[in-house]
Every structure is written in structure tokens, then in C-alpha cells.
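Notes for the one structure printed next.
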Amino acid sequence: MTQSNIKIVATIGPATESKKAIRELIKLGVNVFRFNLKHNDLKWHKEKVILVKEVAKSLNRRIAVLIDLQGPQVRLYMPFDKIEVKIGEEVLFDQSVFKVKKKGFFITHPQIVNFLKPNDFFVVDDGRYFFHLEKRGNKFVAVSHQNCIIENKKSINFPEIDFSLKAITKRDVEAIKMLSKTDVDFVALSFVRYKKDIDSLKKIMKRYGMECSIVSKIETRKAIDNLDEIIENSDGIMVARGDLGVELPVEKVPFYQKLIIKRTLKKNKFVIAATQFLQSMIKNRVPTRAEISDIANTVYDLTDSIMLSGETAYGDYPFDAVKILQKTISFNEKLIDDDTRKRFDFKVKGLQESVCASAYEMYLKMKENLKSRLAGFLIFTRTGQTAKLVSRYHPLLPIFTITQDEKTANSLVPYFGVRTFVDKRMAKKAINNLIIRENIKKLKSKKLVKKNQFLITLHDDIWEPEGGTTTIRIVKIK
């Protein structure tokens, strides 16, 4: 299948945990496998991370692994499997519910009660059910705003209340410790609100020797308030529309999706758009037209990656969901306005950014004049920075990127259009004509480029530790 420029992130779960299923997902175009640590034990995650990398190696495909930390998600709990609540009915909201066995529930983080007061509202089950609090004596009761059936251990959110919970839980620390020796490429931090949350994660990762890129999930009001500093201190951003749509009025989510993507690209970081893109395909083989429009609009927002969650983790049609996503991306990304600078006021600072901006300008002119004879970009980079700088412009041709080690190559997987390869000589040698020719020959053997096509090549003749791209060459493929 033709590889799209926008990357696909698929969540692994009961529907796709087998070797055969993983193999099929990779063949269908999945680039990143997400492991949701809210589910399954850590031993399962470790085994499946290893399996994904083994299957990817057998297929000679570069596949990245992202572990998604559980974080301090608040859930309700009660001495029943479920309770039925009528509109206007009061139910006990107190830990004594376990002693008196009255209809009601409590929360997994009791300290939150210290921040609550009468008339505060909260939502249950990903925003499906709305309650407000009232005081009866020294206890709270929750008053339902609709008829509902509440199941045990469902999520509960207090959108307008700022309470302090540590961003990293004990289970998260255990996960980092156990998975630090596996081939994990990205760690996603849930419910991040401040820069200090990211700093805490970095310290824990350093303690256990885990060298990964950090993806901050934007899913709280505080994260929106502190968006710029969170982007600045992260390697990538995830627009986690599920919890964000609970924390904010749902009609505001599309606006904030566009805002987050725009600000992330301007900071030269990658962005993953997530949640409910093909939710109906968990049970149905055919998606809704609204879901297809949602994917297309996210493509036009210029995201780097799109993520599937339940669709591939436990859905009935995981492979069909990936096929539909791939087809929708591939068709619509071709319609992106070539000159994305019209939409983004990219600030160009310093030599390296100037070189990359010039390369993009050259791409626009050559694509117009040479049509199909322009094969794309060929970038030689040690840190990956040059590839990131070109990727943020979202050119519609591949950004073939050569770097010196697997870790750097994998860190570039979620970026728009970037396809990475490793040449270990780059760790010691300056770029020369031989290295350029041999890497072009490799691309040609993989049928990624053709004879008589052209590549816009970026590199530095005298290799420096970082930020050393000074040279643009137009190379004709022989």
C-alpha cells in the first residue's frame, strides 16, 4: 500500500495483539503502535512491545512504539456493578456508601473532596451524564440531570475545578521501570497541566535510563492555559479530544484542535490528533460520513499523525478501520495547499532555518516546473532537526532522511512526510559524494525514486555536532 505523508498511530489491544494481526496492521500502513497502559498488566505490554518490534524487523519496516501512561485519571467506584438514576434523583456522594450500602458512589482520589462545594458540577462516563453537588448535613449528594445507568469504575471529570494531583502515578513509575529496557520510542504523558509535570517525567525516565521522546497530551483546561510552555518542553503533542471534550464545551473542541496544531507546528514539534475518528467502526464495518469529514478536516488542519484507539484495540473491524483511514488521508492530503506558509507565520531564525526555508521555496518552484520528475527531499541529519524543519512546511513529496542511528531515525517517524534510514558512517564521516550516491542507490533499489528524477538534498559538508546544515544541492538520479 502507498505510504501517506500523514502517519497512522494504532492502539494495540485484544483485537490486534497477535503476531498475525500486528503484521497485517503494518502492511496496511500503520507507522506507530500505541500501548494504552490503563489496560492490561505491565508484563503484557512488555511482551507485546517486543513482539511489535520483532514483526517490524521481519518486514523490514520502521515502526515506532508509543507507551501512553495512565496518569491520575479520576474514576467513580461503588459497592455495585451499576446503578440506575432518575432525573432529579439524589444519590450519596461519599465514601460511606460502602458502609451504608445506599445508592451512590465515590471517587478514586478522596482528596478532591476538599476542593468541592455545593452547586459544583461534574460529568460521568466521558461526559455522557451530568450531575451537580448539594450538601445534606456533612455529606455531599449528587443530583442527576438526566435518566442514566452508571456503571462502576467509569470516568468522572470536574471541568471547572483545579485540584492538584500528581501527573505521574505509582503505576506509571512501575511502567517506566519495566519498559525502560525495551525498544520504546515515545512516552505519552496524560493529564499534563504544567511544565513541572513534564520535568517530573524527565527525572523519572533519567532515573531508569529510559531515552525516549515525550508526547504531552492536551486534555485539560490548564493544559490549554499553559499550552506554549508545554509545547516548548515536549517533543510532540497529542490532541486528546476525548477528555478535552469533557473538560471544555464540546463545540469548542474543533477550534482548539486547530489552535493546538498550529502552535505545535510553529514550535517545530510533531502533533498527533486522537480520539473517535472512526468510533462507529468499533461495531460497524462502514463509517459515518461525519467521521470521514472529521478525518479530512484534520488532514486540512495539517496534523502530522492521526490515531485510532478503540477502533483497533478492541473493535470488530480493526483492519477495515485502518484501510478507511489510510484511503481518506491519501486522497485528501493531495489537496493541501502547496504553500502552507500562507496559513502559518513561520518565524525563520538563524542559518539552519534559513536553509530549510530556501529548500521549501525551491521545492515549490521545481514541483511546478518539473512535475513528476521531482522525487522529494534527501536530508542528512544527526539530530533530526533539519528533517523537522522541512516537515513543518508539509511538502507533498517524501522527505527521505538519513541519520546515523536507530533511535534518532525512530524519533522522526510521526513527522509528516519523513521516511528515515540509517547510515552509521554519518556518526564519524563528513557527508561526501560517495555517501550521497550510495544512499540514492538504496532508495532506487527500494523503488522509492526513479532514474532521471531529481532530489533536493540538504546536508553539511563539514559535519558539526548539531545545527550544521548549510548546503542545498539538486541531485539528478542516474
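Values for this structure:
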read-out	value
Near pairs, Cβ below 9 angstrom, 6+ apart or cross-chain, from region 349-376 (at positive phi) to any residue that is of a type in the set (Ser, Thr, Tyr) and assigned to a helix (DSSP H, G or I)	376/363
Hits in region 136-155 (condition: of a type outside the set (A, V, I, L, M), at pLDDT 90 or above and under 14 Å from residue 104 (Cα atoms))	136, 139, 140, 144, 148, 151, 152
Looking only at region 291-320, and only at residues there that are part of a helix (DSSP H, G or I) and β-branched (Val, Ile, Thr), the one that is nearest to residue 253 (Cα to Cα)	298
Verdict on residue 85 being buried (at least 17 other Cβ atoms within 10 Å of the Cβ), β-branched (Val, Ile, Thr) and within 30 Å of residue 103 (Cα to Cα)	yes
Helices (runs of 4 or more DSSP H) (entirely within region 2-100) containing at least 3 residues that are of a type outside the set (A, V, I, L, M, F, W, C), under 25 Å from residue 278 (Cα atoms) and in the same structural domain as residue 270 (by TED's automatic domain parsing)	19-28
Among the candidates 323, 334, 327, residue that is over 17 Å from residue 297 (Cβ atoms), out of contact with any strand residue (DSSP E or B) (no Cβ under 6 Å at 6 or more places or on another chain) and surrounded by fewer than 20 Cβ atoms within 10 Å (Cβ to Cβ)	323
Those residues of region 193-219 which are in contact with a Lys or Arg (Cβ under 6 Å, 6 or more places away or on another chain) and either surrounded by 23 or more Cβ atoms within 10 Å (Cβ to Cβ) or of a type in the set (D, E, K, R) (or both), in sequence order	193
Residue match in region 274-289 (condition: surrounded by 21 or more Cβ atoms within 10 Å (Cβ to Cβ) and under 23 Å from residue 342 (Cβ atoms))	no
Positions within region 115-128 being within 13 Å of residue 83 (Cβ to Cβ) and in contact (Cβ under 8 Å) with a residue 40 or more places away in the chain, in sequence order	124
Only listed residue being crowded, with 21+ Cβ neighbours inside 10 Å, closer than 30 Å to residue 38 by Cβ and either without any contact (Cβ under 8 Å) to a residue 40 or more places away in the chain or charged (D, E, K, R) (or both), chosen from 316, 304	304
Of residues in region 449-460 being crowded, with 16+ Cβ neighbours inside 10 Å and not aromatic (Phe, Trp, Tyr), the one farthest from the chain's Cα centre (by Cα)	453
Test: residue in region 184-192 that is farther than 30 Å from residue 406 by Cβ and touching a His at 6+ places or on another chain (Cβ under 9 Å)	no
Residue under evaluation residue 348, criteria (1) aliphatic (A, V, I, L, M); (2) within 17 Å of the chain's Cα centre (by Cα); (3) not in a helix (DSSP H, G or I), criterion not met	(2)
Some residue of region 272-289 being outside the structural domain of residue 394 (by TED's automatic domain parsing), more than 24 Å from residue 37 (Cα to Cα), part of a helix (DSSP H, G or I) and at pLDDT 95 or above	yes
The one condition in (1) in the same structural domain as residue 143 (by TED's automatic domain parsing); (2) within 28 Å of residue 219 (Cβ to Cβ); (3) in a strand (DSSP E or B); (4) touching a residue at least 40 places away in the same chain (Cβ under 8 Å) that residue 112 fails to fulfil	(3)
Subset of region 185-196 (residues that are closer than 23 Å to residue 243 by Cβ, within 18 Å of the chain's Cα centre (by Cα) and not basic (Lys, Arg))	186, 187, 188, 189, 190, 191, 192
Filtered residues of region 173-199 (kept if closer than 19 Å to residue 52 by Cα and among the acidic types (Asp, Glu))	183, 185
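The values are calculated or read from the model by the stated rules, or taken from the named source; none is laboratory data. Remember, it's a predicted structure, so these values are computed and weren't measured experimentally. Cβ sites come from the backbone with ideal geometry, for glycine too, and all protein chains shown count toward neighbours.
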